[in-house]
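Engineer: If you scroll down you'll find the structure; I have some questions about it.
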Amino acid sequence: MKALISFTRFLDQINRRLGDWFVSWIMLGIIGVILFEVITRRFIGSPQIWTQEIITYLFCAHFVLALGYTLHFKDHVVADVLTSLMPKKVQVVLETITYFFFIGIFLYVMTPTAIKFSERAWRYGERAATSFNSPIYLVKVLIPVSLILLTIQLVAILLKNGLFIFGGKKIEE
């Protein structure tokens, strides 16, 4: 039992640390590039062709890498009008079933597809059809990475919920 609790805490820490450090810093990078663009465009009068693409790629990285982090804190949109009136154990059972079927099936279908998608982009050295001609394959690799991080967090939540349902043990963050 202690080993399982330690394992779930380890899984939680992967997304938590990645979110606290890396994903948060990506947002500062986005702000920095936007600030640079505003200064060069408005004050120097020399807009850069690469800033819009970089902002888009950074935002995509921020969005997809935050999936597991957001699930860790259960900050995704949830309509729990009816379930909030039920006993805690019933809420956890329903959450487990819902997460397993909806997120689990989504991950089961999308992860292999995303791996093939990014592998193809990497193999061809896919680049943007813009004047900046940036490498897209670097960004596309983040899609399966984020799905794997989401899978890790889903496993952690399902294990924690199982410990609560069958053992009555609530694991604190």
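Bear in mind these aren't lab numbers, they're just calculated from the coordinates by the rules spelled out. Treat the numbers as computed from the prediction; the structure is a model and nothing was measured. Glycine also receives a Cβ, built like all others from the backbone with ideal geometry; neighbour counts cover every protein chain displayed.
Engineer: What ranking of 118, 131 emerges when the number of other C-beta atoms within 10 Å of each C-beta is taken as an exposure proxy, fewest first?
Structural biologist: On the way: 118 21, 131 9.
So the residues, fewest neighbours to most, are 131, 118.
Engineer: Inverting the mean 1/r over all pairs of different Cα atoms, compute the Kirkwood radius of region 1-42 and quote it in Å.
Structural biologist: Details: mean 1/r = 0.0795 Å⁻¹.
Over region 1-42, the inverse of the mean reciprocal pair distance is 12.6 Å.
Engineer: Once the convex hull of the alpha carbons of the chain is built, what does its volume come to per residue, in cubic angstrom? Before the final figure, lay out the partial values.
Structural biologist: On the way: hull volume 23.8 nm³, N = 173.
Once divided by residue count, the hull of the chain is 138 Å³.
Engineer: Whole angstrom only: what separates the Cα centroid of region 63-105 from the Cα centroid of region 5-35?
Structural biologist: 20 Å
Engineer: Place the peptides 104-116, 63-75, 40-52 in order of packing, highest mean first, counting for every residue the other Cβ atoms within 10 Å and averaging per peptide. Don't skip to the end; give the middle numbers.
Structural biologist: On the way: 104-116: 13.8, 63-75: 18.5, 40-52: 11.6.
Result, highest mean first: 63-75, 104-116, 40-52.
Engineer: Of the lysine pairs in the chain, how many meet both conditions: Cα atoms under 14 Å apart, and a spacing of 8 or more in sequence or different chains?
Structural biologist: 13
Engineer: To continue, here is another question. Take every Cα pair under 8 Å in the chain that's 6+ residues apart, average their separations, divide by the length, and report that relative contact order as a whole percent.
Structural biologist: Working: 157 pairs, mean separation 54.1, N = 173.
It comes to 31 percent, rounded to a whole number.
Engineer: Using the basic label-point model (7 angstrom from Cα toward the beta carbon), what is the residue 126 to residue 9 distance in nanometres?
Structural biologist: Here the answer is 4.1 nm between the modelled labels.
Engineer: Let me ask something else. Could you order the peptides 162-169, 18-25, 78-85, 146-153 from most to least packed, using the average number of other C-beta atoms within 10 Å per residue?
Structural biologist: Working: 162-169: 13.1, 18-25: 14.9, 78-85: 9.6, 146-153: 21.1.
In descending order of packing, they fall as 146-153, 18-25, 162-169, 78-85.
Engineer: Another one. Treating only the Cβ of Lys, Arg, Asp and Glu as charged (+1, +1, -1, -1), what charge dipole size does region 2-167 show about its Cα centre? Round to the nearest 20 debye. Please list the in-between numbers first.
Structural biologist: Working: 15 positive and 9 negative charges, 56 e Å.
Here the size comes out at about 280 debye.
Engineer: Ok, one more. Using the charge dipole of the chain (Lys, Arg: +1 at Cβ; Asp, Glu: -1 at Cβ; taken about the Cα centre), state which of 57, 40, 162 has its Cα farthest towards the positive end.
Structural biologist: Final value for the positive-end residue is 162.
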